[in-house]
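The values are calculated or read from the model by the stated rules, or taken from the named source; none is laboratory data. Since the model is a prediction, treat every value here as computed from it, not as a measurement. A quick note on method: Cβ atoms are made from the backbone with ideal geometry, for glycine too, and the neighbour counts reach across all protein chains shown.
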Amino acid sequence: MPFVSVQEHIILSPYFDHLSFFFNEDWRLHASDIVSIMIKLADDGLGSISSQGVDKTLTDQDRRRLDEGVVICKEILRRFGACDEDMFLGTVIAGHPGGMLPLTEKEASSFHSDRLPENLYVADASLLPKSLGNPPILTIIAMAKRISKLCCEQVI
Ligand SMILES: Cc1cc2nc3c(=O)[nH]c(=O)nc-3n(C[C@H](O)[C@H](O)[C@H](O)COP(=O)(O)OP(=O)(O)OC[C@H]3O[C@@H](n4cnc5c(N)ncnc54)[C@H](O)[C@@H]3O)c2cc1C
């Protein structure tokens with residue numbers, strides 16, 4: 001993601017999606033003949049995870065926002081000189097799963113969930129209270145460093 005265009009509910013960025021390239025049948029061209037733009041969406045926080053697996057679908061609002069992104073991307077590609085017939089869509093991917101144990105306001109300073117034993121912490125994207133719609137790694141690292149510090153303080 002060398003640069004991003006920030007829209008109200010989505011961000012757009014140049015990104016070559018290898019998953020689409022290898023597994024999406026619409027991606028038939030050679031990699032060097034493809035210019036791709038990623039639409040990154042802060043999706044609605046619906047879905048569940050259980051022993052049966054992950055249950056997650058896009059809501060109507062998610063689809064509408066993705067469609068808005070597609071319109072903008074097509075216009076960008078047209079300005080590059082691409083024809084509509086040569087354009088094709090990528091694959092919808094959950095690249096930033098998170099929120100399985102969302103941090104609440106009450107837990108904001110302890111970073112500890114009441115649902116866990118006292119000496120057990122979670123320190124990853126599970127804590128994100130909602131979809132960021134932005135790359136999360138720096139936030140996850142910051143949280144994990146903070147939690148490791150809290151753990152060390154408890155040991156001492
Ligand atoms: C293609 C792609 C590109 C991305 N690009 C960016 C980017 O440019 N910038 C950005 O900020 N974010 C990016 N992300 C998102 C980012 O990688 C994730 O949000 C982040 O890695 C999540 O961190 P995590 O620690 O929560 O989980 P993970 O990094 O997924 O770590 C989970 C770990 O748990 C291990 N694990 C799973 N099950 C078990 C088990 N039963 N026992 C033991 N270990 C287990 C896994 O092997 C893994 O090592 C990208 C994601 C994808 C898929």
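Below is a table of values for the structure above.
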quantity: Extreme residue, nearest to Gly45 (Cα to Cα), among residues of segment 81-131 that are among the polar types (S, T, N, Q) and surrounded by 14 or more Cβ atoms within 10 Å (Cβ to Cβ); calculated: Ser131
quantity: Test: Ala108 is modelled with pLDDT under 95 and not assigned by TED's automatic domain parsing to the domain that holds Asp17; calculated: yes
quantity: Conditions (1) surrounded by 10 or more Cβ atoms within 10 Å (Cβ to Cβ); (2) more than 13 Å from the ligand (Cβ to nearest atom); (3) part of a helix (DSSP H, G or I): number failed by Cys152; calculated: (1)
quantity: Strands (runs of 3 or more DSSP E) (entirely within segment 16-73) containing at least 1 residues that are at pLDDT 95 or above and not assigned by TED's automatic domain parsing to the domain that holds Leu128; calculated: 37-41
quantity: The lone exception for Ala123 - which of (1) free of Cβ contacts under 8 Å to residues at least 60 places away in the same chain; (2) more than 11 Å from the ligand (Cβ to nearest atom); (3) part of a loop (DSSP other than H, G, I, E, B) it fails; calculated: (2)
quantity: Condition broken by Arg146, with the remaining ones in (1) within 13 Å of the ligand (Cβ to nearest atom); (2) at pLDDT 95 or above satisfied; calculated: (1)
